[in-house]
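Engineer: My questions will all concern the structure given below.
What follows is calculated from the coordinates using simple rules that are stated; it is not laboratory data. Nothing here was measured: the structure is a model prediction, and the numbers come from that model. Glycine also receives a Cβ, built like all others from the backbone with ideal geometry; neighbour counts cover every protein chain displayed.
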Amino acid sequence: MTEQDFLPQEYSGRATEGEVTWQSPSNIALVKYWGKLDNQIPANPSISFTLNNCRTTTTLRYSKKEKAATDFDFELYFEKEKKESFKPKIQKFFERTFEYLPFLKDYKFTIETSNSFPHSSGIASSASGMSALALCLMSLEKELDPTMDNEFFTKKASFLARLGSGSACRSIEGELVVWGENEEIKGSSNLFGLKYPYAVLEVFQNYQDTILLVDKGEKQVSSTVGHSLMEEHPYAERRFAQAHENLGKLKQILKKGDLEEFIKVVESEALTLHAMMMTSQPYFLLMKPNTLAIIEKIFRFRKETGSHLCFTLDAGANVHVLYPEKEKEEVLQFIKTELAQHCDKGQFIEDHTGMGAKKLA
Ligand code: DP6
């Protein structure tokens, strides 16, 4: 598919006013997206687990104007309060998607959004937030075009979410989503996320992700700055090639259930992401002493017990601890007694893989 395929035809339906609510999850990348080209095209492919409990719920109210306006008309409420500071991001999202949703200036919108996780947890809400909003807009488009099928609905929702925030395109479906063209994943695209199309052994189903909240502060590096660091990066080309290789390795691992190899790929991806930040100009060091203390304890616990827990990181100090459901009891015990002490106020969030976004009645 190309961008052209997402341009709508004449609409045959009508929608004067109404509301729709979607709940969309966050996701955690196993192979990381870090670096992008124009129009939110990723510099390398990525794959993520869709989460279940970390979610954004968004209600979109719409009412048709008498006359189409020259600019977008919307109000934004976050956790019941008017939030002017979030508006520029939504404005930008509307600008980027207007070509594909030409009705956007015909309506007055009220957007109400809330997260299931604390806003100041350092958990990025752009993936869950942008995907939830993209889905709400698709529900409105479906009213205008009642012939639209579900497959197209899902693809276009992911396509739009990507224009809001790259990783958001991986939050529509579950439990594993690939985004970015890769030779070995048939149907993979730079334009939208693809539900992982191959066999996945049972051990990877309902995989656990306990998110250790090491540093709940605002992100030190915005994603815009972060991705742009790869533009002049001395190791960029090798890194992009490595992401393709790691995705190929994961395909075999998911099929065969080799947890030792899974750990190697996932932890190496996390450390490479941070290595890229540490070796860019300007350079950033996002791990905190507690991040390292946790990683070292994970290495030790694995060596001593043969457990299959591993860690991954986002562009921040928090640690995602990943492990099979079968090992939940022992790992949670270890987290509570050994790792929680390195978290801000001892806080962590228990999550696991999920099936993607849901429309609420
Ligand atoms: C480190 O999706 O937040 O989490 O496209 O600029 O909104 P934008 O970036 P964003 O980047 C996420 C980067 C990452 C890795 C990943 O999720 O793949």
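Engineer: Helix 259-278 versus the longest principal axis of the chain: what angle, 0 to 90°, nearest 10, using Cα atoms?
Structural biologist: Relative to the chain, helix 259-278 is tipped by roughly 70 degrees.
Engineer: Can you tell me the mean projection area, over all orientations, of the convex hull of the range 98-214's alpha carbons? Units nm², please.
Structural biologist: So the Cα hull casts an average projection of 9.5 nm².
Engineer: Using Cα-Cα distances under 8 Å and only pairs 6 or more residues apart, what relative contact order does the chain have, in percent?
Structural biologist: 24
Engineer: While we're here: Taking 7 Å along the Cα-to-C-beta vector as the label spot, tell me the Gln205-Gln91 distance in nanometres, rounded to one decimal.
Structural biologist: 4.8
Engineer: Given 20 °C and 1.002 mPa s, how large is the Stokes-Einstein diffusion coefficient of the chain in µm²/s, with Rh as the Kirkwood radius over Cα pairs?
Structural biologist: The estimated diffusion coefficient comes to 102 µm²/s.
Engineer: Could you work out which residue, out of Lys32, Lys80, Lys142, moves most in a Gaussian network model of the chain, that is, has the largest mean-square fluctuation with Cα springs under 10 Å?
Structural biologist: Of Lys32, Lys80, Lys142, the most mobile in the Gaussian network model is Lys80.
Engineer: Rounded to the nearest Å, what's the spacing between the alpha carbon centres of the range 8-33 and the range 87-121? Just the number, please.
Structural biologist: A separation of 10 Å, based on Cα centres.
Engineer: May I ask for the angle, rounded to the nearest 10°, between helix 236-256 and the longest principal axis of the chain, with both axes built from Cα atoms and the value confined to 0 to 90°?
Structural biologist: 80
Engineer: Right, something else. Rounded to the nearest 0.05, what FRET efficiency is calculated for Lys65 and Asp38 with R0 set to 30 Å and r the Cβ-Cβ distance?
Structural biologist: That gives a FRET efficiency of 0.40.
Engineer: For the chain, what is the charge dipole size about the Cα centre, in debye to the nearest 20, if Lys and Arg each add +1 at the Cβ and Asp and Glu each add -1 at the Cβ?
Structural biologist: The calculation lands at about 380 debye.
Engineer: Hey, another quick one. Taking the Cα atoms only, what angle lies between the long axis of helix 150-164 and the longest principal axis of the chain, rounded to 10 degrees?
Structural biologist: 80
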